[in-house]
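A.B. asks: Can you read through this structure? Questions will come right after.
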Amino acid sequence: MISEQKLVFGTVCKITGDKKVPFNEIWSSLEDLEEKISMNQPSSELSRVNENAGIQKVEVSQETYNTVQDALYYSDLTEGFFNPVLGSVIQLWKNGPDFAVLPEISDIQEGLKHTDVTKIKLSEAEGKFYIYLEDPGMKFDLGGIGKGIAADLVKKILKEHKIDSALINLGGNIYGVGLKENDEKWNIGIQNPLDERGSYLKIVSVDDKSVVTSGSYERNFIEDGVLYHHILDPRTGMSANNGIISSTIINESSTACDALSTACYVMGIDKAVKIIKSLKGFEAIFVLETGEIVQVSGDENENY
Ligand code: AMP
Ligand code: MG
């Protein structure tokens, strides 16, 4: 097995597989995806949609269009706990790429006025795709689903090349493609949110599945003894503080895992358990602030 890694989507992306892995094609496809949906890239298609909010619709690629459709699907499925247009609030918390500023409450209140997903207008005409943000103060931020979209793209490229054994690690967003070379399952460590990095709470063994964790132990800062982190409650614009401190989702779709891990973190344990149970083929591991670990399987699951 060989590995290559690169900085993509502002995060270290590492692919491990045999020598047939088309690394160059993967890196250029990921860079291409960044030029479409990254918010850190001012020239990306979604950045241009943001700039043209309240002004005009913007023509986008089908890939960007489908990504936004997916994001809206998960927003709907999670009753808005996953919100792809929290950009007006998220930007208040940021200093460059870092999540580092405690905003004024009045700014958060103002930002929250521009997070209504029904103001996202999608249209198609003559084979072209358009996105318009009707509210001039509105901004996409797909940070909660982008790495999942990227991991699914890498998996698709690997499958096209008939590679049935590889490990994708997109900044902690993992995909164990197929089985390991020795036909064993991939062992993925789940970070213990209460311990130092690299100390695992649990190892899950997966066969052709993605494992994605959202946790407050990442991208955070402490001010006046309070921990503020990057997963926001769309109802308040504040760091989510609903009893869950780490939320892991396991499924074939890394996009689904990514969106749901973020949303479940925010919604709290009762709703999170309910939603995962209602979904076929999903598994989840939640860590509560009490230290309790809650494991859930959706409909008709094998155990990992
Ligand atoms: P993740 O690490 O996948 O849980 O995603 C967190 C990132 O998604 C943050 O850094 C924000 O860019 C964005 N985000 C924060 N809160 C939400 C939310 N409630 N819904 C959608 N995206 C969010
Ligand atoms: Mg996520």
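A.B. asks: With the contact rule set at Cα under 8 Å and sequence spacing of 6 or more, what percent relative contact order holds for segment 137-219? Intermediate results must be reported in sequence, preceding the final value.
C.D. replies: On the way: 113 pairs, mean separation 18.9, N = 83.
After rounding, I find 23 percent.
A.B. asks: Run down the lysines and flag those whose C-alpha is under 17 Å from the C-alpha of residue 57, throwing out any fewer than 8 positions away in its chain.
C.D. replies: Counting by Cα, and skipping residues close in sequence, residue 57 has these lysines nearby: 36, 119, 121, 128, 139.
A.B. asks: Using a 10 Å cut-off on Cβ atoms, rank the peptides 261-270, 145-154 from the highest mean neighbour count down. Kindly include the intermediate steps, with their values, before the conclusion.
C.D. replies: Details: 261-270: 23.7, 145-154: 25.4.
Top to bottom by mean Cβ count within 10 Å: 145-154, 261-270.
A.B. asks: Turning to a different aspect of this structure: Expressed in nm to one decimal, what extension gain is obtained for the pair residue 113 and residue 238 from 0.36 nm per residue of sequence separation less their Cα-Cα distance? Display every interim value, and only then the final one.
C.D. replies: Numbers: separation 125, 0.36 × 125 = 45.00 nm, distance 1.41 nm.
Here the answer is 43.6 nm.
A.B. asks: Taking all protein chains in place and a 1.4 Å probe, what share, in percent, of the accessible surface of segment 20-141 do carbon and sulfur account for?
C.D. replies: Working: 2670 of 5970 Å².
Exposed carbon and sulfur together represent 45 percent of the surface.
A.B. asks: Applying a 10 Å radius around every beta-carbon, put 46-52, 171-177 in order of their mean neighbour count, most first. Numbers along the way, then the final one.
C.D. replies: Values: 46-52: 19.4, 171-177: 22.9.
Listed from highest to lowest mean packing, they are 171-177, 46-52.
A.B. asks: Continuing with the same structure: Straight-line reach from residue 271: which lysines fall under 17 Å, measuring Cα to Cα and dropping same-chain residues less than 8 apart?
C.D. replies: Those lysines meeting the cut-off are 280.
A.B. asks: Is the chain rounded, prolate or oblate when judged by the Cα gyration tensor, a ≥ b ≥ c being the square roots of its eigenvalues, rounded requiring a/c under 1.5 and prolate requiring a/b larger than b/c? Intermediate results must be reported in sequence, preceding the final value.
C.D. replies: Values: a/c = 1.63, a/b = 1.15, b/c = 1.41.
The shape class here is oblate.
A.B. asks: Continuing with this model, one more query. Starting from the eigenvalues of the Cα gyration tensor, five times each then square-rooted, give me the equivalent ellipsoid semi-axes of segment 115-208, largest first, whole Å.
C.D. replies: On the way: eigenvalues 249, 96, 13 Å².
Calculated on Cα positions only, the semi-axes equal 35, 22, 8 Å.
A.B. asks: Using the structure shown, list the pairs from 180/274; 159/180; 147/185 with a Cα-Cα distance above 25 Å, or answer none.
C.D. replies: Working: 180/274 33 Å; 159/180 15 Å; 147/185 22 Å.
From the list (180/274; 159/180; 147/185), the Cα-Cα distance tops 25 Å for 180/274.
A.B. asks: Moving on. With an 8 Å cut-off on Cα pairs and a minimum separation of 6 or more residues, tell me the relative contact order of segment 3-63 in percent. Walk me through the numbers before you get to the answer.
C.D. replies: On the way: 50 pairs, mean separation 11.7, N = 61.
Once divided by the residue count of segment 3-63, the mean separation gives 19 percent.
A.B. asks: Still on this structure, please answer the following. So for segment 215-279, averaging the separation of alpha carbon pairs under 8 Å that are six or more residues apart and normalising by length, what relative contact order in percent results?
C.D. replies: Working: 71 pairs, mean separation 16.7, N = 65.
It comes to 26 percent, rounded to a whole number.
A.B. asks: Which loop-located GluC sites (Glu not before Pro) does segment 58-111 contain, where loop means any DSSP state but H, G, I, E or B and the Cβ has at most 14 other Cβ atoms within 10 Å? Let's see the in-between values first.
C.D. replies: Numbers: sites: 59, 63, 79, 104, 110; in loops: 79, 104.
Answer by residue number: 79, 104.
The values are calculated or read from the model by the stated rules, or taken from the named source; none is laboratory data. Note that this is a predicted model, so its numbers are computed, not measured. In this analysis, Cβ positions are derived from the backbone assuming ideal geometry, glycine residues included, and neighbour counts consider all displayed protein chains. For accessibility, only protein heavy atoms count, side chains too; no ligands or nucleic acids. Shrake-Rupley method; radii C 1.70, N 1.55, O 1.52, S 1.80 Å.
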